[in-house]
Amino acid sequence: MSKKDKALEKLGQVIQDLELKAGDRLPPERRLVELLDVSRNTLRAILHSLEARGLVVIRPGSGCYLRVGISSAHDNPLDLNLSPGKAIADQLEAAYMVMPMIAEQAAERIGERHLEELKQCSVNISRSIFQKSAERVWSESLTFFRLIAVGTGNDFLVRTVEQVCSADMPAYDFFFSMRRDEREAIFADHIKLLHALRARDGEWARTITANYFLRMCRILEEREQVLMTDLVFRSLRERDEQDERNTA
């Protein structure tokens, strides 16, 4: 059983022990982190997964509430029954579909203050790589893309990015087992995207962001044998064919 599955089982038990019903508020995030023995990112990933399936509702500034009562008829009432590989592939497909569009919009609307915050975030990512902290690399990368969404001025797009990117991104779990050139390419994409946003070049920002997530998909498929969706597979193949034509 994975750590996330164990945490789901514990959360189900917490809900039962507290006799929570539909509409009741779950314990605060800090308390759940302690009870489930998980990181804050993992907890948020679990809660967002449950929200996507209609089991809970997350109200910013208020907390997480049960939408339905859960059954005690089996051992793990919150079992999501998701293949880990499929969950990863679906998350990356969603990021590949959504994030390039958001980056394009941000190039048109982002303000100087947010650009400076993105610049500092890039510095933080660089420091995290130097410190060999995979968790911080992921956390700062999430902040980077969230800031881009904030730059659109659309709160719904910010929430969308939080939903798409909040789950633990498995590629970062083995970030430091990648080849050095692969790590440098991922970091370089952050810098290129920052330059595209400064240049107000929406098409460039969109292309860089799409390539960023396709790069992550390729690494996971080749290194971790995660089977990507048909959309991502076709996109990777088309990019390879384009690269062959460009070098011919």
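Whenever a residue of the range 129-143 is on the phi > 0 side of the Ramachandran plot, its partners that are open to solvent by 30 Å² or more (accessible area, probe 1.4 Å), lying with C-beta atoms within less than 7 angstrom and at least six residues away or across chains, give the pairs 132/176. Please verify whether residue 239 is within 22 Å of residue 105 (Cα to Cα) and open to solvent by 10 Å² or more (accessible area, probe 1.4 Å), treating the condition exactly as stated. Taking the combined requirement at face value, the residue does not satisfy it. Of the candidates 11, 20, the single residue that is in contact (Cβ under 8 Å) with a residue 40 or more places away in the chain, part of a loop (DSSP other than H, G, I, E, B) and farther than 24 Å from residue 160 by Cβ is 20. Of all residues in the range 213-225, none that is free of Cβ contacts under 8 Å to residues at least 12 places away in the same chain and under 19 Å from residue 188 (Cβ atoms) has its Cβ atom under 7 Å from the Cβ atom of a residue that is of a type in the set (A, V, I, L, M) and part of a helix (DSSP H, G or I), 6 or more apart or on another chain.
Any residue at all in the range 209-222 that's open to solvent by 60 Å² or more (accessible area, probe 1.4 Å), part of a helix (DSSP H, G or I), closer than 19 Å to residue 147 by Cβ and modelled with pLDDT of 95 or more? Scanning the range 209-222 turns up no residue that is open to solvent by 60 Å² or more (accessible area, probe 1.4 Å), part of a helix (DSSP H, G or I), closer than 19 Å to residue 147 by Cβ and modelled with pLDDT of 95 or more. Listed by first and then second residue, the pairs linking a residue in the range 46-70 that is surrounded by fewer than 19 Cβ atoms within 10 Å (Cβ to Cβ) to a residue that is modelled with pLDDT of 85 or more and of a type in the set (Ser, Thr, Tyr), with Cβ atoms under 6 Å apart and 6 or more places separating them unless they lie on different chains, are 57/65. Of the candidates 245, 239, 198, 206, the single residue that is farther than 19 Å from residue 138 by Cβ, in contact with a Pro (Cβ under 8 Å, 6 or more places away or on another chain) and of a type in the set (D, E, K, R) is 206. Restricting attention to the range 92-123, which residues are open to solvent by 40 Å² or more (accessible area, probe 1.4 Å) and touching a residue at least 24 places away in the same chain (Cβ under 8 Å)? Residues satisfying the conditions are 93, 96, 97, 101, 104, 105, 108, 109, 114, 117, 119. Against the definition (open to solvent by 30 Å² or more (accessible area, probe 1.4 Å), of a type in the set (Lys, Arg), in a helix (DSSP H, G or I) and at pLDDT below 90), how does residue 30 come out, yes or no? Judged against the criteria, residue 30 is not a match. When residue 192 is tested against the conditions (1) open to solvent by less than 70 Å² (accessible area, probe 1.4 Å); (2) in contact (Cβ under 8 Å) with a residue 12 or more places away in the chain; (3) not aliphatic (A, V, I, L, M), the lone failure is (1). One residue stands out in the range 120-174 among those that are among the aromatic types (Phe, Trp, Tyr) and under 13 Å from the mean Cα position of the chain (by Cα): the one that is modelled with the lowest pLDDT, namely 172.
The values are calculated or read from the model by the stated rules, or taken from the named source; none is laboratory data. Here the structure is a predicted model, which means the values were calculated and not measured. Methodologically, a virtual Cβ is constructed for each residue, glycine included, from the backbone with ideal geometry; neighbour enumeration extends over all protein chains shown. Each accessible area value is taken on the protein alone, full model and side chains, heavy atoms only, with ligands, DNA and RNA left out. Shrake-Rupley method; radii C 1.70, N 1.55, O 1.52, S 1.80 Å.
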